[in-house]
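The values are calculated or read from the model by the stated rules, or taken from the named source; none is laboratory data. The structure displayed is predicted, hence computed values, not measured ones. Heads up, the Cβs are rebuilt from the backbone with ideal geometry, glycines too, and the neighbour counts pull from every protein chain shown.
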């Protein structure tokens, strides 16, 4: 029962009108991860076979990168699988963070592939290794470009649809892999033109691309794990609440846990406001937040007396 005396402090969680089919989103995500892993496995194995025959370290680095993407796809799948578990007393916010932790696994695999590709490239450059079957190598690099472009576009489309930062990061990863395949291709063309050093140099360029991707993914994952959000989200939430009659001041905090954006609003109201009236203002805030920030899935309303 609500009290009718003046408000001191109250807190409540309000359901948002936005209805999200979480099960459908997970099916879309798992399908995207599965098909992408299959595509990258075929692409990487073809490149690896050609790289072993030709001795191209540029193509080898790209093949290792594509095959490492298969393992990161498995990590992403496990993250989505674990995150669907229900909240418990020990984990009252649920297991949504498992999706963010999957990003840590992605970053580790990327950096490991960068180290391996860099070592092979430096070794060939110093030992003046040779490259054979250049035509096959060029064909393998072209396969890498095409395969990564298709996979990247697919994962990016699904990631944006379900608002999954992990899947979007994985899509950007695949898109940059296409650029690394282009680097391997240029190195092989250089060998064909009579510059044998072009392939190990291309391998080093590919390594730098892998490092760039590793830095991007690591930064994104760290940003999420440190509860970083777009400042516009906080500003928009505060503006939406401040337009409500009866709210004197508002302060918002937000954080992502997996694909769930959780929002907390502290609202300062007149001391004469009752708890019932505060709850009504909270429901009004939930409606406005759902309209202005449809990505928000959890709202906590904390009312304080001025």
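General remarks:
- Scanning segment 115-137 for residues being at pLDDT 80 or above and within 29 Å of residue 32 (Cα to Cα) gives a total of 1.
- If you go through segment 37-66 and pick out every residue that is within 26 Å of residue 27 (Cβ to Cβ) and surrounded by fewer than 24 Cβ atoms within 10 Å (Cβ to Cβ), you end up with 5.
- Here residue 258 meets the list (1) on the phi < 0 side of the Ramachandran plot; (2) outside the structural domain of residue 113 (by TED's automatic domain parsing) almost entirely, failing just condition (1).
- Filtered residues of segment 102-129 (kept if crowded, with 20+ Cβ neighbours inside 10 Å and either closer than 14 Å to residue 221 by Cα or not assigned by TED's automatic domain parsing to the domain that holds residue 159 (or both)): 102, 103, 106, 107, 109, 110
- Among residues that are in contact with a helix residue (DSSP H, G or I) (Cβ under 6 Å, 6 or more places away or on another chain) and under 19 Å from residue 148 (Cβ atoms), residue 213 is included.
- For segment 162-175, the candidate set comprises residues that are closer than 19 Å to residue 71 by Cα and buried (at least 19 other Cβ atoms within 10 Å of the Cβ); within that set, the residue that is farthest from the chain's Cα centre (by Cα) is 174.
- Verdict on residue 202 being over 14 Å from the mean Cα position of the chain (by Cα), over 17 Å from residue 55 (Cα atoms) and either part of a helix (DSSP H, G or I) or in contact (Cβ under 8 Å) with a residue 24 or more places away in the chain (or both): no
- Restricting the first member to segment 216-233 and to residues that are in contact (Cβ under 8 Å) with a residue 40 or more places away in the chain, and the second to residues that are part of a loop (DSSP other than H, G, I, E, B), the beta-carbon pairs closer than 7 Å and six or more apart or on different chains are 233/293.
- Residue within segment 265-276 that is modelled with pLDDT of 85 or more, surrounded by fewer than 20 Cβ atoms within 10 Å (Cβ to Cβ) and closer than 24 Å to residue 169 by Cα present: no
- Residue satisfying condition, being crowded, with 18+ Cβ neighbours inside 10 Å, within 17 Å of residue 111 (Cα to Cα) and not assigned by TED's automatic domain parsing to the domain that holds residue 298, within set 183, 187, 159, 203: 203
- Residue 116 vs. criteria free of Cβ contacts under 8 Å to residues at least 24 places away in the same chain, in a helix (DSSP H, G or I) and in contact with a helix residue (DSSP H, G or I) (Cβ under 9 Å, 6 or more places away or on another chain): no
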